[in-house]
Structures are given as C-alpha cells and as structure tokens.
Amino acid sequence: MTALLRDIFNHDFSAIPDTAAFHARFFAKTLTIMDLKKISDAVAAHSVTLGNKIIPAAIRIKGKSDTAPFAILAQLHGNEPAGLAAIALAMALSDAGKLERDVIGVIGNPLAARQYFEAYAKDPHARQETRDAYRCGLGLGGTLLPDMNRIPVDFMTRPPSDHHTKRAQELYTLGQHLGGIVDIHSARGNMLCITDHKHDHDLKDSPIRSVLIGIAEAISANASAVVAVQTLKTIFGTLFDLESQTGIEAGRHEAPDAPYNAAAFTLSLLHTLGITEVTPIYKKENGIFECYEVKPRITYADLEYDTTLHADDSIYMAKTCHALASVPARSDTVIVKKNGTYALQSIAGFTYKPAGNMEFAVYQYDEMEAIEKAQVVAVAIPSGTAFRTASAFSGIFLSKSAALYDKDPAVGPWPVAAGNISNVKFCYPCIVSAKKFDF
C-alpha cells in the first residue's frame, strides 16, 4: 500500500505530522480515472478471510485494532470508481498511523470494474455514457449482466454458479463480520447526496448536505424482475451487529470532483465513528440537511396530458422554449410548429433556416433537478401533446435518452412510443424540505 500511495501521491504518508498536513497532501491531489484504476487493481489482487470464507477483491487496511472492522465498498457498479478514493484515504490514514480500527476496502463487482477500466483505457475521451454498460458488466455475446444492487431475496439458497449470485453471497458474508460500512456510488447525472444512513449522528460534519429518505424501499417496490429483489442496503439492514451503515452518491461517474467528494465524506464518517483522529474537511456544522423524501416512481402516463396524443407519437423529454437565447446548454434539438404540425429540428438547422416556430427544446432533465407544478417535461411528436407534472418535485433516477443509454431498459429510455407510456419510468419524484438533525 505504501508503494501504491507514493506512486499516486508522490508522498510518504508515514511522515505526516498532523491533520493540516494530511489534508494538504491527500486532498490537494485530483485523482484521475487511471489513478483510481491502480487502486482498484490493488484491491482486486487481494482477498480477506472471514468466518473461514475467502472474500476476493478485498483488502484489509491495518489499524490499531482488528475488532469489528469497518468496510468501504466501492464499485458495486463497475462504472462508479469514485469510492476507490475513499479506500485510498484509509490506506493513507493507516500509513500515517492514524487509523484506530482495521478497514476493509472491497470492490463490489470486480468483473464489471475490470471491464470498465479496460473500456476507459481503450477510449478515455469518449463520453462516460459509452461505458454505462459496465455499471453491471457484460456477459458472453455482450448481454447486460444483473445489477449487483438488485439481488434476489433467495440469493443465499441459490447455487453460486454465476458471478452475480456468488458475489452477493460473498458480500453478505463480509457484512456479517463488520462493525460498519459505507457504500459509495456515483450517478449518471449530477447526484450528490446521502442515499441511506442508519443513525443521524453518523452524518455529523458531513460535507454532503442532501439526504434521500426511503430510496431503498422505493427501488425494491418497483424493481422490474422476474423474482423479488432487494438492494444491498436492505440485505445489510438485517445484520444487527452492523452499527453504522451509510451510502452516498458522490456526483457524476467521471467528474473530477467525485473522488474528492467520496474521500471527504468518508473522512468525516471515520472521524465521527472514532476510527481516525484526523478531523473532517467540513467545519460548518449546523445540523441542517436538505431532505429528499423519495416517492413511488411515476411513468409517463402518470403525467398530465391532453386527449390529443396519437398512436404514432413518440414522446421526448422537453422543456418550454421559444428562442435560441433560452435553449438550455444540454440541448441540441428543438421542437418546432408549422401549420399545426410539430417536428424536430437541430439547433444548427434552426439557426440557419427555421422549419417553424420554436415551441420546446428537447432536454434531458438532470438528477435532483427541481421541477415546478404544471411544468411541461415531455412532448409528443408529431401531435405536439404536452406532458405536465401534477405537482412540484425534484426527480431522481430520471428517464434517460435512448441515444446515450441503449443497453439498460431500467433507465426508462426516451423517446417513448405512445402505446408504452404506462410501462416506462419517468422518475422517482422527491418532496424536498429542510430538516435539522440533533447530534
């Protein structure tokens, strides 16, 4: 581990004298995807033995006590590398002699993680969406493998004959021997939040100030699977010895600040739990968090729309827009109207020669974006039927453009055929309110 840290940070953390120096050395480094790959490779090369069972792709990071180790789980989805920065943080704390308890760093889905980094190395300049399939990983013939965060309820009684079942059983065995765990994810959009936590006190000095409430229950209730599935958080929730259980979204998958967010949150958690004396980066604690209460998912049919919808319509995510100057930055297509007919036109084409009056911009709504009541959020082409929200909310796990996400039907890909609006997810709406936690 020492050699790995020196390679990445060009520093010997055993020589760190105090908290300020640790902050300066560790957090001044912007970890690249290839830096994170080195960490992932190092973890994947190790294993830990717990309860006489070997857990591959896991590394024990030594602290002053090996009682009830704490775990940092990274890459439960292979294309979410930010959590590896938190594992590097624990390694640096160990080298500095500032880790009170052993920490186990673990790769949740080593197969998908390896495939993700291989794809990144082949084309590092491609958009992150091109690597979205490595969220779950690909099997023979390029088929999408099961999601490691959607686990059948009977997984422990199944034979470990496939990667998904075997890894779920290994992670459950790991959970049975832990005192706590942080599960670090990133998102397809700009999602920076705490997805779950067991105790409010664990969030003290957290640099992330948004908290989702009820997300695991919403996912489990709506998961589209032949058999009932549950999230890893739900599975671990049955382990009463697991005193601390926290999950976060650290931002966009490949955003430069996502590893920083993951490590900064982990430092605050480890300090709060007494696992390190190194103090958190965040020093403005007032107990106030923005809480997102997750509601059951809605389909396009749950939006409000007129009887003008045609059988041959295709529904696009959109926002009202009447001038080029107000077209959102993420839009490259507009919806125009001429002689009562609606059509798509590229912004370049509209700039050169408008095919009609601009009515809407085709627009991908982002994670946690605020949406007003009665706001137009989708439009059918060619009828021009507008889909509006029945109430105000902020959406998470929103429907995504099929042009970018072509392998995962769970994203609710748009455009949506008119006859399929009752089956395609629009989002999980959240009601947002401020809440004060008493620490």
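Residue by residue through the stretch 20-52, note down the ones that are open to solvent by 50 Å² or more (accessible area, probe 1.4 Å), within 30 Å of residue 240 (Cβ to Cβ) and at pLDDT 95 or above.
Those that are open to solvent by 50 Å² or more (accessible area, probe 1.4 Å), within 30 Å of residue 240 (Cβ to Cβ) and at pLDDT 95 or above: 46, 47, 49.
Against the conditions (1) open to solvent by 20 Å² or more (accessible area, probe 1.4 Å); (2) modelled with pLDDT of 95 or more; (3) in contact with a helix residue (DSSP H, G or I) (Cβ under 6 Å, 6 or more places away or on another chain), where does residue 263 fall short? Just the number, please.
Evaluating residue 263 over (1) open to solvent by 20 Å² or more (accessible area, probe 1.4 Å); (2) modelled with pLDDT of 95 or more; (3) in contact with a helix residue (DSSP H, G or I) (Cβ under 6 Å, 6 or more places away or on another chain) leaves (1) as the failure.
Listed residues 254, 285; which is part of a loop (DSSP other than H, G, I, E, B), touching a Lys or Arg at 6+ places or on another chain (Cβ under 7 Å) and not aliphatic (A, V, I, L, M)? Step through it out loud before you land on a result.
Working: 254 fails: touching a Lys or Arg at 6+ places or on another chain (Cβ under 7 Å).
Sole residue among the options that is part of a loop (DSSP other than H, G, I, E, B), touching a Lys or Arg at 6+ places or on another chain (Cβ under 7 Å) and not aliphatic (A, V, I, L, M): 285.
Please enumerate the residues belonging to the stretch 189-209 that are open to solvent by 40 Å² or more (accessible area, probe 1.4 Å) and under 22 Å from residue 78 (Cα atoms).
The answer is 190, 192.
From the set of residues in the stretch 52-87 that are basic (Lys, Arg) and part of a strand (DSSP E or B), which is farthest from residue 146 (Cα to Cα)?
Restricting to residues being basic (Lys, Arg) and part of a strand (DSSP E or B), the top hit is 60.
I'm checking my understanding of the structure. Among residues of the stretch 406-420 that are out of contact with any Cys (no Cβ under 9 Å at 6 or more places or on another chain) and open to solvent by less than 10 Å² (accessible area, probe 1.4 Å), which one is nearest to residue 268 (Cα to Cα)?
Ranking the candidates gives 411 first.
Mind listing whichever residues of the stretch 215-238 are farther than 16 Å from residue 410 by Cα, over 18 Å from the mean Cα position of the chain (by Cα) and either part of a helix (DSSP H, G or I) or modelled with pLDDT under 85 (or both)?
235, 236
Out of 301, 361, report the one residue that is more than 30 Å from residue 439 (Cβ to Cβ) and out of contact with any strand residue (DSSP E or B) (no Cβ under 8 Å at 6 or more places or on another chain).
301
Could you give me the residue pairs with C-beta distances under 7 Å whose first residue belongs to the stretch 68-94 and is open to solvent by less than 10 Å² (accessible area, probe 1.4 Å), whose second residue is among the acidic types (Asp, Glu) wherever it lies, and which are 6+ apart or on separate chains?
Every condition considered, the pairs that remain are 69/102; 73/183; 76/183; 79/132.
Restrict the check to the stretch 240-251 and report whether at least one residue is free of Cβ contacts under 8 Å to residues at least 24 places away in the same chain and of a type outside the set (Val, Ile, Thr).
The answer is yes, given that some residue of the stretch 240-251 is free of Cβ contacts under 8 Å to residues at least 24 places away in the same chain and of a type outside the set (Val, Ile, Thr).
The values are calculated or read from the model by the stated rules, or taken from the named source; none is laboratory data. Note that the structure is predicted; figures quoted are calculated from it, not measured. For neighbour counting, all protein chains shown are included, and Cβ atoms are generated from backbone atoms with ideal geometry for every residue, glycine included. Protein only, heavy atoms only, side chains kept; ligands, DNA and RNA dropped before computing areas. Shrake-Rupley method; radii C 1.70, N 1.55, O 1.52, S 1.80 Å.
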